[in-house]
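Rule-based calculations on the coordinates, nothing more; no lab input. A quick note: this is a predicted structure, and the numbers were derived from the prediction, not measured. When we count neighbours, we look across all protein chains shown, and the Cβ atoms used for this are built from the backbone with ideal geometry, even at glycine.
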Amino acid sequence: MKRFFLSLSYFLSIFMLSGCWDRVEVNDIAIITATAIDLTEDNQIKVTAQVFIPRALSGGGGLGTGGGDLTLIRIGTGSNLADAVSKLQMVLPRTIFWGQCKVFIFGMGLAENGIREQLDFLVRHPEPRGRAFMFVSKADTEKVLQLLPPLERYSGEVLKELLDFNIGLSVTMKDLDLMLTSDAQNAVLPLIKVYPPNKGKMENESIPYISGSAIFSKDKMVGTIGEYETRGIMWIKNMLKDSTISFKAGNEGEEISVSPVQSDVKLKPRISKDKWKMTIKVKAEGDVVQNETKLNLMDPETIKRLEIDFEKNIKHRIEAAINPLQKEFNIDIIDFATEFHHHYPKEWKKVKNRWNEMFPQVEVSVDVDAYIRRPGYTSTPSGLPKDEVKK
């Protein structure tokens with residue numbers, strides 16, 4: 001009997017073993033590293049794919065000569081993104097694989113027309129990663145992918161590395177989907193520009209960079225903000241890590257630089273007598289890395305005065321980000337709607353359908369506590385005689 005059950009288990013296990021009927025060889029797939037989506041003049045969807053060339057890497061070439069040796073560019077155009085991708089597949093001898101695509105770029109024309117339908121394809125498809133980074137490009141999207149960066153292997157990698165270094169807002173596909181389905185239903189994406197090539201270089205021998213952000217009402221881009229305002233949004237969203245801040249020190253005219261700045265930001269909503277108010281509470285600290293002044297940083301009173309200047313600088317950055325959102329765009333991309341909904345669900349229900357009208361009326365106050373923990377390895381300004389050091 002024991003032998004019977006062993007034999008039965010053996011035969012059953014054979015039927016339960018999975019085969020490799022659906023196996024796809026690496027040599028049979030076209031690995032997409034970055035993708036640009038734009039709108040053509042005749043309102044067709046254009047998808048530009050940056051395709052990785054495995055044999056270029058295995059052959060030992062390309063690392064020192066830019067992305068031209070490691071990637072190729074292919075384009076598909078169709079009535080929607082799904083149709084454009086099918087046309088793209090027709091010009092590739094291998095099956096498209098989205099699993100390694102870490103960068104998706106929307107062109108300005110498409111962004112202004114609306115990105116919901118394109119995002120639906122990306123979110124619905126099983127292969128694109130939810131952690132892929134999303135951008136809007138002021139430059140021609142096809143040219144962005146054709147760039148040959150001198151330090152990285154291809155332009156898509158440059159953009160990813162910039163966000164890894166906390167340069168600009170970091171927004172993933174999942175983040176974008178959550179923004180557009182949140183209470184405010186607005187979004188913000190990092191904005192790409194391209195440096196002009198150095199003298200004597202070809203047009204594509206350059207690199208993309210992040211310059212400010214694109215603001216979306218629902219799924220349509222309505223404007224842009226600069227780098228300074230973007231940093232303010234990053235403060236509010238708790239996105240700043242290990243950053244450096246330089247600020248004027250009192251009446252000295254010179255600057256103090258503090259790094260790495262660590263921060264914690266909390267939003268505190270309040271409704272009082274039909275007035276909606278939001279307090280942004282910020283705690284920040286850092287070490288002095290450069291002192292252009294003649295101040296003695298070992299003096300406790302001097303440090304206290306510098307901390308006040310530090311707080312004023314942070315407050316100004318945050319207010320500079322909020323002002324255009326409330327006065328120019330009437331768009332909440334800083335999670336005020338979510339906080340009011342969470343703390344005041346009944347009151348929120350009354351205004352949710354007209355939140356873009358209500359948002360500019362919210363009274364915002366910024367409360368900052370900033371601390372300078374260490375003055376650095378030297379107490380007095382370097383190269384300055386002791387009799388010129390101030391307290």
How large is ³J(HN,Hα), in whole Hz, for each residue of the range 201-207 in order, when computed from phi with the Karplus curve 6.51 cos²θ - 1.76 cosθ + 1.60 and θ = phi - 60°, using x for Gly and Pro? 9, 6, 4, 8, 8, 8, 9
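With a/c under 1.5 counting as rounded, go ahead and sort the range 241-321 into rounded, prolate or oblate using the C-alpha gyration tensor (a ≥ b ≥ c being the square roots of the eigenvalues; past the cut-off, prolate if a/b is larger than b/c, else oblate).
Prolate, since a/c reaches 1.5 and a/b exceeds b/c.
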What are the equivalent ellipsoid semi-axes of the chain, built from the alpha-carbon gyration tensor (square roots of five times its eigenvalues), in whole angstrom, biggest first? 45, 29, 25
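Relative to the Cα centre, what is the charge dipole magnitude of the chain, using +1 at the beta carbon of each Lys and Arg, -1 at the beta carbon of each Asp and Glu, and rounding to the nearest 20 debye?
Rounded to the nearest 20 debye, it is 1080 debye.
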Taking the dipole of the chain about the Cα centre (Lys, Arg +1; Asp, Glu -1; charges at Cβ), the one of Ser211, Gln326, Thr181 that reaches farthest to the positive side is Thr181
Built amide H within the under 5 Å cut-off of Gln290, gap 5+: Ser257
Arrange the peptides 97-105, 84-92 so that the one whose residues have, on average, the most other Cβ atoms within 10 Å appears first. 97-105, 84-92
Take Asp164 and Asp264, extend 7 Å from each Cα along the Cα→Cβ direction, and tell me the distance between the two endpoints in nm. 2.9
So for the chain, taking the charge dipole from beta-carbon charges (+1 Lys/Arg, -1 Asp/Glu), which of Leu92, Ser365, Ile308 sits furthest toward the positive end? Ser365
Shape call for the range 117-175, from the Cα gyration tensor axes a ≥ b ≥ c (a/c under 1.5 means rounded, otherwise prolate when a/b beats b/c, else oblate), comes out prolate
Can you list the residues, at least 5 places off or on another chain, whose amide H is less than 5 Å from the amide H of Thr224, using H built in the peptide plane? Ile215
Karplus-derived HN-Hα couplings along the range 297-310 (A = 6.51, B = -1.76, C = 1.60, θ = phi - 60°), whole Hz, x at Gly and Pro: 7, 8, 7, x, 5, 5, 4, 4, 5, 5, 5, 5, 5, 4
Surrounding net charge for Gln290, when Lys and Arg each add one and Asp and Glu each subtract one, Cβ distance under 11 Å: -4
Gain in span if fully extended, Met202 to Lys174, counting 0.36 nm per residue against the direct Cα distance: 6.4 nm
Treat every Asp and Glu Cβ in the range 27-225 as -1 and every Lys and Arg Cβ as +1, leave all other atoms uncharged, and give the resulting dipole magnitude about the Cα centre to the nearest 20 debye. 280
I'd like the FRET efficiency for Lys346 and Arg116, computed as 1/(1 + (r/R0)^6) with the beta carbon distance as r and R0 of 41 Å, rounded to 0.05. 0.85
Report, in debye and to the nearest 20, how large the dipole of the range 101-188 comes out about its Cα centre when Lys and Arg carry +1 and Asp and Glu carry -1 on their Cβ. 140
Take Met134, Met179 and order them by how many other Cβ atoms sit within 10 Å, fewest up front. Met179, Met134
In the chain, what percentage of the DSSP-assigned beta bridges are antiparallel, given to the nearest 5? 65
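For the ranges 332-345, 287-300, what's the packing order if you count other beta-carbon atoms within 10 Å of each residue, average per peptide, and put the highest first?
Put in order of decreasing packing, that is 332-345, 287-300.
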Furthest towards positive pole of dipole, Pro197, Leu122, Phe133, structure part the range 90-203, Cβ charges: Pro197
